[in-house]
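No lab work stands behind these numbers, since they all come straight from the coordinates. A quick note: this is a predicted structure, and the numbers were derived from the prediction, not measured. Virtual Cβ from ideal backbone geometry, glycine too; neighbours counted across all protein chains shown.
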């Protein structure tokens, strides 16, 4: 285990166009979701601290939300996306770019004040192992801000109630909606975090107005402004497609 892996963990090479489809295609028309993610992060993440790591940082979409931290590690399995993040953020020495596997984070125990993980958990077949790694690299009392794809969102409840889907949104079993993509229940996530030594203290629900027809008629700025005061109270019900939470590592 090493404390701070080399910033340039791989030799220079052309950025793979396939990896950059996540930036150039997936996020090209998701301004509303981006705004809602940022609303939740600003509400849950302590505004300042010493060391922060974002796991699954990709091309650095959310890096500008961490300006109050002395050192920011952007961690991702894709070297190509990290190359894009480095290009976007420049040579600011506060940023470290590290490629690796979230199941085995290459950092010492208690390395970070905060861990952020957004739009990653739905790709994890074994999130419990990753949550244990989050707890391990957090300082005692450190904060995790995490998002997961919610199985119990309102659309799935309505479809199940009207018999248009077979699976129940209320049981604990993860729903694989695409190969290697899972919606998970709030109860399962809570129990996995508790087992890892992380206690949830706050929740918010996000992307409440993700319907394509609505987004075509109403601007993303207007929709996110309407959502802003709803995220916290509806977070208690967990009825949105995305759930954000803040958890703390229990003292040793």
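So how do 22, 177, 66 line up by other beta-carbon neighbours within 10 Å, fewest first? Going from sparsest to densest Cβ surroundings: 177, 22, 66. For 95, 32, the sequence from fewest to most other C-beta atoms within 10 Å is 95, 32. Specify whether the C-alpha gyration tensor of segment 11-157 places it in the rounded, prolate or oblate class, a ≥ b ≥ c being the square roots of the eigenvalues: rounded for a/c under 1.5, otherwise prolate if a/b is larger than b/c and oblate if not. Here segment 11-157 falls in the rounded category.
Which shape class applies to segment 69-124: rounded if a/c is under 1.5, otherwise prolate when a/b exceeds b/c and oblate if not, where a ≥ b ≥ c are the square roots of the Cα gyration tensor eigenvalues? Could the numbers behind the result be given before it?
Working: a/c = 1.75, a/b = 1.14, b/c = 1.53.
It is oblate, given that a/c is not under 1.5 and a/b is not larger than b/c.
Between the Cα long axis of helix 31-44 and the first principal axis of the chain there is an angle of about 70°, rounded to the nearest 10.
Rounded to the nearest 10 degrees, the angle from helix 79-89 to the longest Cα principal axis of the chain is 80 degrees.
Using only helices, what value at 222 nm comes out for the chain when you add -39,500 (n - 2.57) per DSSP H run of length 4 or more and divide by the total residues, to the nearest 500 deg cm²/dmol? Counting only the DSSP helices, I get -9000 deg cm²/dmol. What the Cβ-Cβ distance of residue 218 and residue 168 gives, at R0 = 25 Å and to the nearest 0.05, is a FRET efficiency of 0.20.
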